[in-house]
2 protein chains.
Amino acid sequence: MGPGDTVTSFIQAIEGNDLERALELLDPEVEYDNVPIAKVHGPDAVRNILAPFLAGCSEVEWVVHRQVEQDDGDGSGTVMNERTDRFRMGEGEHARWVEIPLAGLFAVRGGRIVLWRDYFDDATFRTQLTGG
Amino acid sequence: MGPGDTVTSFIQAIEGNDLERALELLDPEVEYDNVPIAKVHGPDAVRNILAPFLAGCSEVEWVVHRQVEQDDGDGSGTVMNERTDRFRMGEGEHARWVEIPLAGLFAVRGGRIVLWRDYFDDATFRTQLTGG
């Protein structure tokens, strides 16, 4: 399984609402960096961020427009992708899709993600979150 | 010359203050998309954006931390990179470096860039521009 496959499996687990499966694909020393906001380290810290956020979503889609990888062998390498991360939030007539255009960088070592860094415009995200 | 080489040559021309050389590496139908701000089409539109901005800089460095390419042959393919674009602005004691962390996407066709899209946080950029 190349590094691009690891990233694809990670995204599929997130979309499938299987956060624990996604976390298994992270290295124990993973750095998760939401560039304009903050970075954290370790799968538990990633869970602390994603679990409450995903719990507020009835559907999650991460649309990968392009993905490019450098395969260094042994399940290691560098992956970058261009995505639109979509989160369906709220219920009933208040339900809406929050969409974030972004570029992601993943460093993969031995089949586990050691660095996950997303570049996006924070205001674009927050304006939608608040329903603005 | 692979698509990654085209992108590297483009960046070197920008850093070398040779905007016309950089523009020669763009396809006549290039789309230049600063995601949180606006997109334009064609080398002349790119010149209209970059020329006045670069004229205000005494030094330009685009530090490429990582670059990944998919080489489709015939000088075509997809390139993504993680950069810190640095611009030295102002003069004398007021001179300062404006630094933008970003991820870039380049689609290359026959040795020319047809799509150049940068993902970054607009507030991070503007706060520095205004010296805040």
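Any read-out appearing in this document is the output of simple, stated calculations on the displayed coordinates, not a laboratory observation. Just so it is clear, the structure is predicted and the values come from calculations on it, not from any experiment. Glycine gets a Cβ as well: all are built from the backbone with ideal geometry, and neighbour counts include every protein chain shown.
Please list the non-local residues whose amide H lies under 5 Å from the amide H of residue A:26, H modeled 1.01 Å from N, same-chain partners needing a gap of 5 or more.
Here the answer is A:113, since their amide H atoms fall under 5 Å of that of residue A:26.
Among DSSP beta bridges whose residues both lie in the stretch A:27-132, state the antiparallel percentage, nearest 5.
90 percent
Within a 10 angstrom radius of each residue's Cβ in A:118-127, how many Cβ atoms of other chains show up on average? Whole number is fine.
Details: counts 2, 11, 6, 11, 5, 4, 4, 1, 0, 0.
Across the residues of A:118-127, the mean count of other-chain Cβ atoms within 10 Å is 4.
Measuring from a point 7 Å out along Cα→Cβ, what nm distances, shortest first, does residue B:128 have to its partners in the other copies?
Label point to label point, same position, other copies: 2.6 nm.
Given Cα pairs under 8 Å that are at least 6 residues apart, what percent is the relative contact order of the stretch B:54-98? Numbers along the way, then the final one.
Values: 70 pairs, mean separation 17.7, N = 45.
Once normalised by length, the contact order is 39 percent.
Nm distances between the label at residue B:73 and the same-position labels in the remaining copies, 7 Å along Cα→Cβ, shortest first?
Between copies, matching label points for residue B:73 lie 2.5 nm apart.
Mark the label point 7 Å from the Cα of residue A:129 along Cα→Cβ and return the residues of the stretch A:43-83 whose backbone N is within less than 15 Å of it.
A:48-57
Would you mind working out the magnitude of the charge dipole of the stretch A:62-132 relative to its Cα centre, with +1 at each Lys and Arg C-beta and -1 at each Asp and Glu C-beta, to the nearest 20 Debye? If you can, show how the numbers build up before the last one.
Numbers: 9 positive and 12 negative charges, 24 e Å.
Once rounded to the nearest 20, the dipole reads 120 debye.
Any idea which of A:98, A:62, A:81 is furthest toward the positive side of the dipole for the stretch A:60-132, if Lys and Arg beta-carbons carry +1 and Asp and Glu beta-carbons -1?
Ranked along the dipole, the leading option is A:98.
Over chain B, what relative contact order in percent results from Cα pairs under 8 Å that are six or more residues apart?
Working: 273 pairs, mean separation 36.2, N = 132.
That works out to 27 percent.
How far apart are the residue B:90 label points across copies, placing each 7 Å from Cα toward Cβ, in nm, shortest first?
4.3
With a bin width of 5 angstrom, please list the P(r) values of the stretch B:3-129 as percents of all Cα-Cα pairs, from the 0 bin to the one holding the largest distance.
2, 11, 20, 25, 23, 11, 5, 2, 1, 0
Find how many whole Å separate the alpha carbon centroid of the stretch A:86-132 from the alpha carbon centroid of the stretch B:26-89.
24 Å
Tabulate in residue order the Karplus-calculated ³J(HN,Hα) for the stretch A:12-21, using 6.51 cos²θ - 1.76 cosθ + 1.60 with θ = phi - 60°, rounded to whole Hz; enter x for Gly and Pro.
Each residue of the stretch A:12-21 in turn: 5, 5, 4, 4, x, 6, 10, 4, 5, 5 Hz.
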